[in-house]
Amino acid sequence: MFVITGATGNVGGELVRLLAAAGEQVTAVSRRPAPLPDGVRHSAGDLGDPASLKGAFDGAGALFLLVAGHEPHAVLEAARAGGIRRVVLLSSQGAGTRPGLYGHPAAFEQAVRESGLEWTILRPGDFASNALAWAEPIRAHRTAAAPFADVALPVIDPADIAEVASVVLREDGHAGRTYVLTGPQPVSPRERAAAIGAALGTEVRFVEQSREEARAQMLTFMPEQAVEGTLTILGTPTEEERQVSPDVERLLGRAPRTFASWAARNIAAFR
Ligand SMILES: NC(=O)c1ccc[n+]([C@@H]2O[C@H](COP(=O)([O-])OP(=O)(O)OC[C@H]3O[C@@H](n4cnc5c(N)ncnc54)[C@H](OP(=O)(O)O)[C@@H]3O)[C@@H](O)[C@H]2O)c1
């Protein structure tokens with residue numbers, strides 16, 4: 001049985017669907033309930049309150065762990081006590097490229113390595129689904145605003161992260177590995193807005209924000225340290241952060257999905 005945290009999010013939601021469709025038993029953990037596939041058990045729990053997760057692990061063998069809360073050792077201890085033997089951590093590429101700015105995922109990585117469990121770490125770059133921040137302004141006035149208009153990054157489709165997680169959770173041979181997950185080519189914010197426009201069949205106007213404008217907006221839904229780290233990667237990516245990683249293709253046996261494919265599959269959000 002698999003315990004999936006972040007189970008109602010972009011990655012976790014797709015992972016729960018994939019595992020359930022493969023006939024696996026799944027416990028989906030989130031703080032709030034949400035619609036789940038038939039047969040999936042929901043367990044309300046908060047990663048910020050490890051005691052609230054206790055019942056979630058009973059009878060399970062593998063855990064998909066999100067970076068949330070500040071007590072990864074306690075969460076992993078509760079998992080081990082509940083019978084979990086394998087953990088797959090959804091970290092961030094920044095934990096590898098900029099551990100000083102990405103202290104939160106870096107601390108979770110360290111805890112996972114020290115847990116005594118069989119571990120695998122996934123380090124995705126920027127998600128294609130971050131473009132959902134444009135859903136409302138594109139619906140309302142066909143406009144998308146972002147900083148660093150022409151800085152291209154190989155954004156990853158969350159559905160590919162979920163597929164990789166499903167493979168790594170179910171297959172042997174990934175213990176002690178860290179995988180960097182990216183899309184198939186760098187795409188700039190301006191090009192992402194154009195791809196959504198193409199999928200809509202109408203032009204989407206792109207407005208370049210200053211770093212300060214973007215920072216103020218991001219602070220309304222992200223912690224300050226995460227905002228600084230994200231803006232630094234988006235504005236001045238390192239060579240490694242611009243590069244396409246071979247790991248998705250190696251693990252899935254096919255190229256990662258393009259941003260245009262993500263836009264086409266999620267276009268209802270922008271109509
Ligand atoms: N977006 C990016 O570009 C990016 C890049 C690299 C890594 N990441 C990592 O990927 C993670 C997942 O992204 P996503 O887009 O799938 O997330 P998302 O769509 O925002 O969903 C987050 C999920 O986690 C649950 N959750 C949040 N806080 C929780 C807590 N304290 N305890 C238990 N469950 C909690 C949410 O449900 P409830 O709110 O109901 O609990 C929801 O199911 C991010 O959190 C981040 O660490 C993101």
Rg over Rh, two decimals, segment 151-271 (C-alpha only, Kirkwood Rh): 1.00
DSSP beta bridges in the chain [antiparallel fraction, %, rounded to 5]: 5 percent
The chain: calculated mean residue ellipticity at 222 nm from DSSP helix runs of at least 4, using -39500 (n - 2.57): -11000 deg cm²/dmol
Dipole in debye (nearest 20) - segment 74-154, about Cα centre, beta carbon charges: Lys, Arg +1; Asp, Glu -1: 140 debye
Top of 15, 66, 132 by mean-square fluctuation, Gaussian network on the chain, Cα under 10 Å: 132
Cα gyration tensor shape for segment 1-135, rounded if a/c is under 1.5, else prolate or oblate: oblate
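What dipole magnitude, in Debye to the nearest 20, does segment 110-150 give about its Cα centre under +1 on Lys/Arg Cβ and -1 on Asp/Glu Cβ? Intermediate results must be reported in sequence, preceding the final value.
Values: 4 positive and 5 negative charges, 33 e Å.
Here the size comes out at about 160 debye.
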Highest-fluctuation residue, 158, 124, 189 considered, GNM on the chain with Cα pairs under 10 Å: 189
Overall Cα dimensions of segment 167-223 - principal axes, largest extent first, Å: 47, 33, 17
Unit charges at the beta carbon, dipole of segment 11-165: most positive-side option, 13, 134, 33: 33
Scaled radius of gyration (Cα, divided by 2.2 N^0.38 Å) that the chain gives: 1.00
Choice from 81, 140, 152 showing the highest fluctuation, given a GNM over the chain with Cα pairs closer than 10 Å: 140
In Å², nearest 10: area of residue 174 left accessible to a 1.4 Å probe: 20 Å²
Loop-located GluC sites (Glu not before Pro) in segment 78-176 whose Cβ has at most 15 other Cβ within 10 Å (DSSP): 114, 171
Zero-based 10 Å bins, Cα pair distances in segment 13-56, whole percents: 30, 49, 21, 1
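Which of the chymotrypsin sites (Phe, Trp or Tyr not before Pro) found in segment 176-228 are loop residues per DSSP with 11 or fewer other Cβ atoms within 10 Å of their Cβ? Please list the in-between numbers first.
Working: sites: 179, 206, 221; in loops: 221.
Passing both the DSSP loop test and the Cβ count: 221.
The values are calculated or read from the model by the stated rules, or taken from the named source; none is laboratory data. Computed from a predicted structure; not experimentally measured. Ideal geometry is used to build each Cβ from the backbone, glycine not excepted, and the neighbour counts take in all protein chains shown. For the accessible areas, the whole protein counts, side chains as well, though only heavy atoms, and no ligand, DNA or RNA atoms are used. Shrake-Rupley method; radii C 1.70, N 1.55, O 1.52, S 1.80 Å.
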